[in-house]
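Undergrad: This is the structure I want to talk about, given as structure tokens.
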Amino acid sequence: MTVAHRDGLALHFDCHGTTETLTLLNRHRFQASFPQVVAANGNAHDAADSPIWRRMNEFSHHGRTLPRSRFRVYRAIDLPVGEMQTGKHLPARSRESPADEYLEQAFIEKGLLLSRLIMVSNRVTLPAGVAAAGGLAVAISDVLRERSGVWFGWSGKISNRRSASPSVTTEAGVTYATVDLSEADHLAYYSSYANGTLWPLLHYRLGLIAFDHLAFDGYLKVNRNMAARLAALLQPDDVIWIHDYHLIPLGAALRDLGVSNPIGFFLHTPFPVAEVFCSLPRHEILLQAFGAYDLIGVQTPTDARSLASSMERVAVTPPGFGRRNRILPLPIGIDTANFAELARQGVRSADTSRLKSSLAGRDLIIGADRLDYSKALPNRFAAIAVLLTDWPETRSSFTYLQITPPSRSEVPEYQRLRRELESAAGRVNGKFAECDWTPIRYVNRTTPRSKLAGYLRIARVGLITPFRDGMNLVAKEFVAAQDPADPGVLVLSKFAGAAYEMNSALLVNPYDTHEIALAVRNALKMPLLERRKRWELMMDALQRNTVATWRDAFLRALTEAARPAISQPEPRVA
Ligand code: G6P
């Protein structure tokens, strides 16, 4: 027997067992995770010079066709190194139970140290590229910065040249594998179906849905094509984590190609109640596709209940391979400490100083959202008009900076919204501006995160009032950016996923412009003590649930769900 150890984790490899668990091990991760291996005779080896390492090499040279490996893997947690040399200190259960279970337990303890993580999302931010708008791309970059792996998805380019394999580039331990979309595929999959049908549906905007059978077929086809290209890159020990509504059918398409790796899915948007979701033509196909995943993560318990009840309406087939199909609410976090530091530095930058001096001592109210109808920007502008009308003493006392990068501009609804917002900002400014002051500064450009962090820190009020939002990471970033000695106040929509954790914000109904105006007025007047109290509670939540805890919780739950069921099936929603 050989024992490999690292920190409190030990894996016992019994060379006489006959299980295939070694197929799950990635040699390079093994070496990185377990620098030292102790053999049964007590001799310590460097990992690369140990019997287990040699066997792994032999195994890997034979690729997938090698007969099952002859290793049995046990687990011992927190045993002193001396005691790890024999199996006798292991709990009796671990000596008898299937090796897979214990290897899997070891994975859970160490956040799947031994497997390669494959992140899949529609948009991929290439190392040299411009950061994509929206919280999802930022979150995936944060996850991969700390944990290397592969990021697979659309390159963001439209090209009619067909290429069977993705473009691959590797930097800082992350492999970026991207595919282009043809013009027709982009139109059907991205513009028409994902953003013209699914996005409004998931945000409860039934009136905006355009359903087209050809677009839906195009969406399914692009998912199948992506699956074929991704499958060619996969190794047996990979763990696959797919993100967002563009790729709901990707897991099922991978299963159709015989992929049996653990596959998890995370929905970054809200999920509407079954009555709304099931009004979508051919919704059964999407609900069945959810069945292919071992784990589906959503932002809130409400989303989890809605998805489960929609899936109950269709007889959804579980992922197979004896595994579970679980739904878990796992709210996404941010890299709290890092963003707070970015804000601390940002506040000293020339850009932030320029903004500060342009305010001439007035309070700053700030909003930062993609140009999207789910963000309820016209209502925010209207609420500012209500504030200035009903509380005239607030005139000239603040500047509201709304940063809104354009988004999905090929979708007609977004073009209409852009025109509407330009005239709404003009109307409010025309009515209330003075020769030395305008209430709204509407910036229709992307602002780098480092700049935004500084702006958020000097703001007295963060105004974030979407009609619906999966999470809204800007709300969390606003809190993380604040100066603990003199924090600003968050005015937040109660229909943003962030409201679950940021419940010490001033929560408002985004449809009620009077309620928003009143909350802004209260925020502007709030005494320091109350501001601090509210901020501390929210910051506490942000420190407890970061993007790293979110990642670890998801991967732990995915591993657990992907373990072949040995006991009673669990309820779908946990
Ligand atoms: C939202 C979605 C993301 C998307 C982002 C930007 O946050 O949940 O999946 O990437 O918006 O939208 P875009 O269409 O530009 O990718």
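The values are calculated or read from the model by the stated rules, or taken from the named source; none is laboratory data. This one's a predicted model, so the numbers in the text were calculated from it and none came from an experiment. Note that each Cβ is placed from the backbone with ideal geometry, even for glycine, and that neighbours are counted across all protein chains shown. In case anyone asks, the SASA skips ligands and DNA or RNA and just uses the protein heavy atoms, side chains included. Shrake-Rupley method; radii C 1.70, N 1.55, O 1.52, S 1.80 Å.
Undergrad: Keeping the other protein chains in place, figure out the carbon and sulfur percent of the accessible area of the range 431-489, with a 1.4 Å probe.
TA: 47 percent
Undergrad: Once you have the Cα-Cα distance between residue 433 and residue 416, take 0.36 nm times their residue separation minus that, and quote the gain in nm to one decimal.
TA: In short, 3.6 nm is gained.
Undergrad: If you don't mind, there's one more thing I want to ask. Report the calculated FRET efficiency for residue 351 and residue 313 (r = Cβ-Cβ distance, R0 = 41 Å), to the nearest 0.05.
TA: In this case the efficiency is close to 0.20.
Undergrad: Under a plain spin-label model, where a point goes 7 Å from the Cα along Cα-to-Cβ, how far apart in nm are residue 229 and residue 162?
TA: Output for this residue pair reads 1.4 nm.
Undergrad: Which distance in Å, rounded to a whole number, links the C-alpha centroids of the range 407-471 and the range 132-198?
TA: 27 Å
Undergrad: Can you pull out the GluC sites (Glu not before Pro) in the range 375-466 whose DSSP state is coil and whose Cβ has at most 13 other Cβ atoms within 10 Å?
TA: Loop-located and lightly packed - 410.
Undergrad: Return the FRET efficiency for the residue pair residue 338, residue 360: r is the Cβ-Cβ distance, R0 is 25 Å, and the value is rounded to the nearest 0.05.
TA: 0.20
Undergrad: A further question follows. Residue 521: net charge of surrounding residues, Cβ under 15 Å, Lys/Arg +1, Asp/Glu -1, itself excluded?
TA: Local net charge: 0.
Undergrad: What FRET efficiency comes out for the pair residue 279/residue 528, r = Cβ-Cβ distance, R0 = 41 Å, nearest 0.05?
TA: 0.25
Undergrad: Which number do you get for Rg(Cα) / (2.2 N^0.38 Å) in the range 189-292?
TA: Normalised by 2.2 N^0.38 Å, the Cα Rg of the range 189-292 equals 1.08.
Undergrad: With a 1.4 Å probe and every protein chain left in place, work out the accessible area per residue of the range 248-343 in Å², rounded to a whole number.
TA: On a per-residue basis, 30 Å².
Undergrad: Further, regarding this structure: Which whole number of Å³ per residue matches the convex hull of the alpha-carbon atoms in the range 337-544?
TA: 111 Å³
Undergrad: About its Cα centre, what dipole magnitude does the range 289-377 give when the only charges are +1 on Lys and Arg Cβ and -1 on Asp and Glu Cβ, stated in debye to the nearest 20?
TA: So the magnitude is around 60 debye.
Undergrad: Next question. So how far, in whole Å, is the C-alpha centre of the range 516-556 from the one of the range 321-364?
TA: 11 Å
Undergrad: Related question: Exactly which trypsin sites (Lys or Arg not before Pro) in the range 209-284 are in a DSSP loop and have at most 16 other Cβ atoms within 10 Å?
TA: Answer in residue order: 282.
Undergrad: Then there's this: If you keep only loop residues by DSSP, which trypsin sites (Lys or Arg not before Pro) in the range 348-423 have at most 15 other Cβ atoms within 10 Å of their Cβ?
TA: Sites meeting the loop and neighbour criteria: 348, 362, 395.
Undergrad: Which one of 279, 315, 360 has its Cα pushed farthest toward the positive end of the charge dipole of the range 268-377, where Lys and Arg give +1 and Asp and Glu give -1 at the Cβ?
TA: Final value for the positive-end residue is 360.
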